[in-house]
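S.K.: Below you will find the structure I want to go over with you.
The values are calculated or read from the model by the stated rules, or taken from the named source; none is laboratory data. Given the structure is predicted, the values throughout are model-derived calculations rather than measurements. Note that each Cβ is placed from the backbone with ideal geometry, even for glycine, and that neighbours are counted across all protein chains shown. Calculation scope for accessible area: heavy atoms of the full protein, side chains included, ligands and nucleic acids excluded. Shrake-Rupley method; radii C 1.70, N 1.55, O 1.52, S 1.80 Å.
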Amino acid sequence: MTGRGAGALALLLGALGPVAARAQEAGEDGQWTMPARDYAATRYSPLAQINVANAGRLRPVWTFSTGVLGGHEGQPLVVGHTLYVVTPYPNVLYAFDLTQPDYPLKWKYRPDVDPNAVGIACCDAINRGAFYAEGKIVYNLLDGRTVAIDTATGKELWKTKIADLAQGETTPVAPFIVKRRVIVGASGGEFGIHGWVKGLDLRTGRLAWTAYNMGPDSEMLAWPGTWRSFYEKRSDLGVTTWPKDAWAHGGGPVWGWMSYDPRLDLVYYGVGNPGPYNPEQRAGDNKWTASVLARRPDNGALVWAYQFTPHDNWDYDANAEMILADLPVGGEERNVLVHFDKNGFAYTLDRATGEVLVAEPFVHVSWARRVDRSSGRPVVDSTKLTGASRGNVKDICPSLEGGKTPAAPAAYSARTGLFYVPTNNLCMDYQAVTATRIAGTPFIGANTPYHAGPGGHLGAFIAWDAARGRRVWEIEEPYPVWSGVLATAGNVVFYGTLDGWFKAADATSGRLLWKFKVGSGVVGNPIAYTGPDGKQYVAVYAGIGGDWFLLAGDVRSDDPADVRAPADFIRDIARHTSQGGMVWLFAL
Amino acid sequence: MRLLPVLLLAALAACMRGATPDQQAGLPAVRHDEHVSAGGAAPKAVRWQNPYQRDKRAADEGAKIFTAMNCDGCHGGAGAGWVGPSLADGRWRFGGADGELFQSIYYGRPHGMPAYGGLLLAPDAVWKLVTYIQSLEPPADVPTEAWQ
């Protein structure tokens, strides 16, 4: 657990001087030490000072420019009374002292990151944040290395090369730490990588195991006696569901969020798209891309897997978070995993086995009619199948940005029993072409222009009942919602918008309580913490980017030699926002 | 302080002019000073001329190479910009002259532009790519984006 190191740090601070001694203990509730705050990936804060009655009085209390203009995905951490911020490339790590007036830096760490990584990262040079454990801040540099930094000194404790830029692998994902195992993955679904996760030793950074997401059972660490899939009994599915050797460069990246059930001792993560986008170059189910995998953290052993989108025709990565909850499903209390897939379906699975309990569309879906409960497979509309021989296939919903982007995680409040989900209302046409694999260059093979889904608005922030598979309320947004969500015990939920608003809503009704313009579009994830003064704070990054760096290139102004026209489907976003990179703190 | 490396580079470049130590060492015929930027000046282009200048058929072949070599994966369909910069706005980080474009493709550039010369593409195919890129017409008004 993370509490021990943080407690030791607080004790140390307490011994340092009168200012620190006056500071109140943040306590377990007041910290945010891992990306989703807890292993269940709920992004729920038990803090309740900010509530439905007073949220309208929120005001900004501090800001900091990161000096970087890339998409500010991810979230800050608060450990003891220190705020940690990781920037997009070049991946600077800042440590702010919250016990001092004006929150001066304790230290900053400026790594030497290979600039060539910028050109290998598919979708802007973003970073999804750090993880705290045992006195260390651990995070990934974009160029394929994981670093551990001593929180007391800011000094590098270890640095391990995990990924290979030359093969198209980059590492914007946040690490996940369980039982002294640092679990990391790599992006590169658009570069023909052979996707994997690796387990490192927290104390030394040494590689303990590598588990591939496709390939022979031996490489997938799918061992007889441990491995059992609810729907699939055959062996070597990571080979037999591909044309000969295609799995070896079939994508299957790991760039989303992980979760962990200590009782079952299982780590859950989603696997991204198969490559190339032209599905005719990879006949078969392409397991285990577009899937959820459950592994043992100690040795990486695969315990179960479930594929959301067999033979993905639409770039429906399954990298979105797997939120663990206990819900009454069909009159029975079940230990479930809830996942909002790019393919537009919200899945409620039994997290011990991978059995589908509920699968209903949470946005407009045209590629499949439903998910068949007995086989676990989607019932696909064959007119929406794509491929180089099929020409331009029209009006596929959702678009390949997903019904929800995996980059922006949802939150769960056990208080309301609801999930809070950022969504996109986008559809696409899909023209696949034959792609050539050239190591280190994109392996894509499709042109996919977007348009608005039904209603004409491009996004919505919704509340979802995962036990019944239905939407409870929604706030329509003019643009896709690309920020993560914070749910709180004050019954207030927080999210940001691409046009640069940070908003608070009533978790029960969806009524808007407050909003503030943060200067640049929000693609990061808000957090809550208790300051040394005992007050509740909410923190979020502003800084539009990620896919929007590519899709709405006219929000950029950082390169006079790169001037882009607005995108057809989102013509006026640059009228309301531009690049930036700010940390914002709000309080009553 | 900042002047020093520039002066050194200039001196180095002066030494190399006329001499051919590169060739003696078995290195390519392109001279070092022709693709190093010094003192803020754009790198000197190789004074090669595009043999296919404004040749429509070569541009069409270049467009096919642009897709086949995954150029569009970074620079976007029709070179409109994606994770890599736009090639259709008439603006150039490393110069838009024949030799400059050739060098960008053949030798690569910092921040992720791979070197396509040699194993992947012969000079002739690179010239066809150059011809295609030069055929992309920038819009009439690049600097201004206006709303009602």
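S.K.: On a full-extension model of 0.36 nm per residue, what is the gain between residue A:333 and residue A:389, subtracting their alpha-carbon distance, rounded to one decimal in nm?
M.R.: Working: separation 56, 0.36 × 56 = 20.16 nm, distance 4.77 nm.
Separation in residues times 0.36 nm, less the Cα-Cα distance, equals 15.4 nm.
S.K.: With the Cα gyration tensor of segment A:464-588 giving a ≥ b ≥ c as the square roots of its eigenvalues, does the rule (a/c under 1.5 for rounded; else a/b larger than b/c for prolate; else oblate) give rounded, prolate or oblate? Could the numbers behind the result be given before it?
M.R.: Details: a/c = 2.68, a/b = 1.46, b/c = 1.84.
Judged from the Cα gyration tensor, segment A:464-588 comes out oblate (a/c at least 1.5, b/c at or above a/b).
S.K.: Let me ask another. Given a 1.4 Å probe and heavy atoms of the protein chains only, how would you sort A:191, A:64, largest accessible area at the top? Mind dumping the intermediate values first?
M.R.: Details: A:191 5, A:64 50 Å².
I get A:64, A:191, largest accessible area first.
S.K.: Angle between the Cα long axis of helix A:3-16 and the longest principal axis of chain A, 0 to 90 degrees, nearest 10?
M.R.: 20 degrees
S.K.: Place a +1 charge on the Cβ of each Lys and Arg in the protein assembly as shown and a -1 charge on the Cβ of each Asp and Glu, then give the dipole magnitude about the Cα centre in debye, rounded to the nearest 20.
M.R.: Working: 68 positive and 72 negative charges, 190 e Å.
The calculation lands at about 920 debye.
S.K.: Could you tell me the calculated FRET efficiency between residue A:64 and residue B:119, based on Cβ-Cβ distance and R0 = 41 angstrom, to the nearest 0.05? Before the final figure, lay out the partial values.
M.R.: On the way: r = 46 Å, r/R0 = 1.13.
Once the sixth-power term is evaluated, E becomes 0.30.
S.K.: Cα gyration tensor of segment A:349-434, axes a ≥ b ≥ c as square roots of the eigenvalues: rounded (a/c below 1.5), prolate (a/b > b/c) or oblate?
M.R.: Values: a/c = 2.65, a/b = 1.58, b/c = 1.68.
Judged from the Cα gyration tensor, segment A:349-434 comes out oblate (a/c at least 1.5, b/c at or above a/b).
S.K.: Can you work out the FRET efficiency for the pair residue A:509 and residue A:108, with r the C-beta to C-beta distance and R0 = 41 Å, to the nearest 0.05? List each step's numbers first, then the result.
M.R.: Values: r = 42 Å, r/R0 = 1.03.
Calculated value: 0.45.
S.K.: Too long at a 23 Å Cα-Cα cut-off: which of A:233/A:287; A:136/A:503; A:384/A:404; A:106/A:535; A:244/A:342; A:244/A:404? Walk me through the numbers on the way to the answer.
M.R.: Working: A:233/A:287 13 Å; A:136/A:503 32 Å; A:384/A:404 20 Å; A:106/A:535 21 Å; A:244/A:342 28 Å; A:244/A:404 33 Å.
Exceeds cut-off: A:136/A:503; A:244/A:342; A:244/A:404.
S.K.: Full-extension gain between residue A:100 and residue A:244, please, as 0.36 nm times their residue separation minus the C-alpha to C-alpha distance. Don't jump to the answer; show the numbers that get you there.
M.R.: Working: separation 144, 0.36 × 144 = 51.84 nm, distance 6.10 nm.
Between residue A:100 and residue A:244, full extension yields an extra 45.7 nm.
S.K.: What full-extension length gain, to one decimal in nm, is calculated for residue A:369 and residue A:429 as 0.36 nm per residue of separation minus the Cα-Cα distance?
M.R.: Numbers: separation 60, 0.36 × 60 = 21.60 nm, distance 1.83 nm.
19.8 nm is the gain from fully extending residue A:369 to residue A:429.
S.K.: Provide the packing ranking of A:108-119, A:205-216, i.e. peptides ordered by the mean count of other C-beta atoms within 10 Å per residue, highest first.
M.R.: Numbers: A:108-119: 17.2, A:205-216: 19.8.
Going by the mean number of other Cβ atoms within 10 Å, highest first, we get A:205-216, A:108-119.
S.K.: When only Cα pairs under 8 Å and 6 or more residues apart are kept, what is the percent relative contact order across segment A:58-97? Could you put the intermediate results ahead of the total?
M.R.: Numbers: 39 pairs, mean separation 12.2, N = 40.
Value for segment A:58-97: 30 percent.
S.K.: Still on this model: Can you pull the Kirkwood radius for segment A:526-569, inverse mean 1/r over Cα pairs, to one decimal in Å?
M.R.: Working: mean 1/r = 0.0751 Å⁻¹.
Mean inverse Cα-Cα distance, inverted, gives 13.3 Å.
S.K.: Need one number: nm distance between label points at residue A:156 and residue A:263, each 7 Å from Cα along Cα→Cβ, rounded to one decimal.
M.R.: 4.3 nm
S.K.: Also: What is the calculated FRET efficiency for residue A:236 to residue B:148, with r their C-beta to C-beta distance and R₀ = 60 Å, to the nearest 0.05? Let's see the in-between values first.
M.R.: Working: r = 60 Å, r/R0 = 1.00.
The computed FRET efficiency comes out at 0.50.
S.K.: Can you classify chain A as rounded, prolate or oblate using the Cα gyration tensor, where a ≥ b ≥ c are the square roots of its eigenvalues, rounded means a/c under 1.5, and otherwise it's prolate if a/b beats b/c and oblate if not?
M.R.: Numbers: a/c = 1.40, a/b = 1.29, b/c = 1.08.
Verdict is rounded for chain A.
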